[in-house]
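Novice: Once you've had a glance at the structure underneath, I'll fire off some questions.
The values are calculated or read from the model by the stated rules, or taken from the named source; none is laboratory data. What you see is a predicted model, and the numbers here were worked out from it, not measured in a lab. All Cβ positions, even for glycine, are placed from backbone atoms using ideal geometry, and neighbour counts span all protein chains on display. Note: accessible area is taken over every heavy atom of the protein model, side chains too, but ligands, DNA and RNA are not part of it. Shrake-Rupley method; radii C 1.70, N 1.55, O 1.52, S 1.80 Å.
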Amino acid sequence: MLTALILATGKILDGSALLDLDLAVRVGIVAGCPEVVVFFAAEYARQRGQLVHIAQQLNLTHHGRIVSSRLGQIALRDSLGAALLAGSCAFVGASLPLLVASVVPGSRQNAIVASILCLMLFGSGVGYATRSCKSCWAIAFALAGGIVAVLGAWLRIV
């Protein structure tokens, strides 16, 4: 959602700009595709690093054996699945504000508000998952969304 806010806030607020499904899909692709690559690289590197660490802890002489075993294949498959899920979530999250703006005519600001509310919901989910202050996380994500929206309005990228 942050990517969509920075890319499209200028266009959302511009009353003469055409907001449609095509723009929502394009912004979603711009947000989702890099997410798949970056998330896969980070997650696979993390899992392979753990396998290498396990091999060292077990005093295995050839660290590559455990990585090239079935555990290595599982790490690859799990990393790819997680990356595809992250990319799909990024696509949906980035498309959401533009879809709201295109479906509800005359209330373009509601798209930005919807994005910030979704970020707050996500933030409280992070707080719940980490057993920390849900409202603190929600406020932090809302502030980040507001700052990025202002930056997006100023930059007018799309």
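Novice: Just wondering, is there one or more residues in region 43-52 that are over 26 Å from the mean Cα position of the chain (by Cα) and either on the phi > 0 side of the Ramachandran plot or not hydroxyl-bearing (Ser, Thr, Tyr) (or both)?
Specialist: Let us first name the residues in region 43-52 that are over 26 Å from the mean Cα position of the chain (by Cα), namely 51-52.
From what's left, either on the phi > 0 side of the Ramachandran plot or not hydroxyl-bearing (Ser, Thr, Tyr) (or both): 51-52.
Checking region 43-52: at least one residue is over 26 Å from the mean Cα position of the chain (by Cα) and either on the phi > 0 side of the Ramachandran plot or not hydroxyl-bearing (Ser, Thr, Tyr) (or both).
Novice: Something else: For region 112-147, what are the residues that are aliphatic (A, V, I, L, M) and open to solvent by less than 30 Å² (accessible area, probe 1.4 Å)? Explain how you work it out, then say what you get.
Specialist: Restricting attention to region 112-147, the residues satisfying the condition of being aliphatic (A, V, I, L, M) are 112-114, 116-117, 119-121, 126, 129, 138-140, 142-144, 147.
Result: Ile112, Ala114, Leu119, Ala138, Ala142.
Novice: If you take the residues in region 60-107 that are part of a loop (DSSP other than H, G, I, E, B) and either in contact (Cβ under 8 Å) with a residue 24 or more places away in the chain or open to solvent by less than 60 Å² (accessible area, probe 1.4 Å) (or both), which one is nearest to Phe39 (Cα to Cα)?
Specialist: Ser69
Novice: Quick check on region 20-29. Is at least one of its residues over 17 Å from the mean Cα position of the chain (by Cα) and either under 28 Å from Ile74 (Cβ atoms) or not in a helix (DSSP H, G or I) (or both)? Walk me through it before giving the result.
Specialist: At the first step, the residues of region 20-29 found to be over 17 Å from the mean Cα position of the chain (by Cα) are 20-23.
From what's left, either under 28 Å from Ile74 (Cβ atoms) or not in a helix (DSSP H, G or I) (or both): 20.
Checking region 20-29: at least one residue is over 17 Å from the mean Cα position of the chain (by Cα) and either under 28 Å from Ile74 (Cβ atoms) or not in a helix (DSSP H, G or I) (or both).
Novice: Can you pull out every residue in region 1-31 that is touching a residue at least 40 places away in the same chain (Cβ under 8 Å), open to solvent by 50 Å² or more (accessible area, probe 1.4 Å) and of a type in the set (Gly, Ala, Ser)?
Specialist: Gly15
Novice: Here's a follow-up. I need the full set of residues from region 41-55 which are touching a helix residue (DSSP H, G or I) at 6+ places or on another chain (Cβ under 7 Å) and open to solvent by 60 Å² or more (accessible area, probe 1.4 Å), in order please. Let's see the steps before the verdict.
Specialist: Let us first name the residues in region 41-55 that are touching a helix residue (DSSP H, G or I) at 6+ places or on another chain (Cβ under 7 Å), namely 43-44, 47-48, 51-52, 54-55.
Scanning region 41-55 gives Arg48, Ile54.
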